[in-house]
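> I'd like to ask some things about the structure below.
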Amino acid sequence: TRASSGGTLAEFISGFPVDMYLRHLVSSSFEHRAHTRLLGQTKLITNTTAAEVSDSTVAFDSNVGAGPSGESVNTNILAHMFRRAPGFFDVVAFTAPDFAANAYTHNLGVTPELYIVKRRDSASDWSVYSEALGNTKYLKLQDTGGEFTGGVWGNTSPTSTQFYYSGVTSGTYIAYLFASVPGISKVGSYTGNGTSQTIDCGFSAGARFVMTKRTNTTGNWNVWDSERGIVAGNDPRLELNTTDAEDTGHDYIDPDSSGFVVNYVADDDDDSNVSGDEYIFIAIA
């Protein structure tokens, strides 16, 4: 949370250089901002299709966090911060020369299991590739919709050195790529069972960050984290595709040392464990 420690060093303290962060106001309706070191003082909004715009509040000049230094403590302002690392996470800025499917180089060193692409210079969808869905389907980060069928990925799966994308027209883009690292991160999928089930990620002390999306039908891009609480009870939830304040009234997930537990919540149709429904997730230890 903002300036929760070391506010004279950075707005948000991570303990490492930050390459991308998602910034949220959790207490009231607000946009979800994506800031990227490669793009400087700009923002993209995950809950809209809007093009990139400038944002003077962005700063990457600290080795231990992100955002301008000297900010006052405000636990309602939250950042999820990511560092590029082989096997785990990479960021690629690229120009798509035309609407054809082209190959773009990344530095993950392994095959990405999930990646998110957004056009910067014009309004467009946030397109999400998932290994679980394959190279003929995609999701939209700003949308509750289930899987869409189309040629966004050129019907070609990524490799350990390249990923594929087909833009509608030529333009500038940013891509965020994720993969699984044993004991550190897990990109995967599961089928809901209508009660509770443990999602074993191979961790030893549980997940600190979890994002899920129902893929066979509508559902939000749900995010939980241990900073706000992944507990045996109601867990604060953010939705990257809406401007809603955090939801604190449901027990969608619980902690487990191997990863996390998903629960069925009967009074809410946007659930994390509906029987027979399909989900993808990213978890970070």
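> Counting alpha carbon pairs within less than 8 Å and at least 6 residues apart, what relative contact order, in whole percent, applies to region 65-219?
Values: 286 pairs, mean separation 43.2, N = 155.
Once normalised by length, the contact order is 28 percent.
> Can you pull the percent of region 180-285's accessible area that's carbon plus sulfur, 1.4 Å probe, other chains left in place?
Numbers: 1870 of 4010 Å².
With neighbouring chains kept in place, the figure for region 180-285 is 47 percent.
> While we're on this one: Accessible area per residue of the chain at 1.4 Å probe, in Å²?
Counting only protein heavy atoms, the per-residue value for the chain is 39 Å².
> Take the alpha-carbon centre of region 100-128, take the same for region 214-257, and report the distance between them in whole Å.
So the separation of the two Cα centres works out to 25 Å.
> Can you tell me the relative contact order of region 17-148? Whole percent, Cα pairs under 8 Å, sequence separation 6 or more.
Relative CO of region 17-148 lands at 22 percent.
> Here's something else I'd like to know. For S204 and D61 in the same chain, what is the full-extension length gain: residue separation times 0.36 nm, less their Cα-Cα distance, in nm?
The span from S204 to D61 would gain 48.2 nm if fully extended.
> From Cα pairs below 8 angstrom and at least 6 apart in sequence, can you work out the relative contact order of the chain, rounded to a whole percent?
It rounds to 18 percent for the chain.
> Taking a threshold of 20 Å on the Cα-Cα distance, which of the pairs K43/K213; K43/K186; K43/K140 fall above it?
Violating the 20 Å Cα-Cα cut-off are K43/K213; K43/K186.
> May I ask you to evaluate 6.51 cos²θ - 1.76 cosθ + 1.60, the Karplus curve with θ = phi - 60°, for each residue of region 175-183 and list the ³J(HN,Hα) values in order in whole Hz, giving x for glycine and proline?
10, 10, 10, 10, 8, 8, 10, x, x
> Roll a 1.4 Å probe over the protein heavy atoms and report the accessible area of E52 in Å², nearest 10.
Counting only protein heavy atoms, E52 exposes about 50 Å² to solvent.
> Of [x] 50, 48, 34; [y] 55, 42, 39; [z] 63, 45, 43, which one was derived for Cα extents along the principal axes in Å from the structure shown?
Comparing each candidate, only [x] matches the computed number.
The values are calculated or read from the model by the stated rules, or taken from the named source; none is laboratory data. Note that the structure is a prediction, hence the values are computed from the model and not measured. Areas reflect the complete protein model, heavy atoms only, side chains present, ligands, DNA and RNA absent. Shrake-Rupley method; radii C 1.70, N 1.55, O 1.52, S 1.80 Å.
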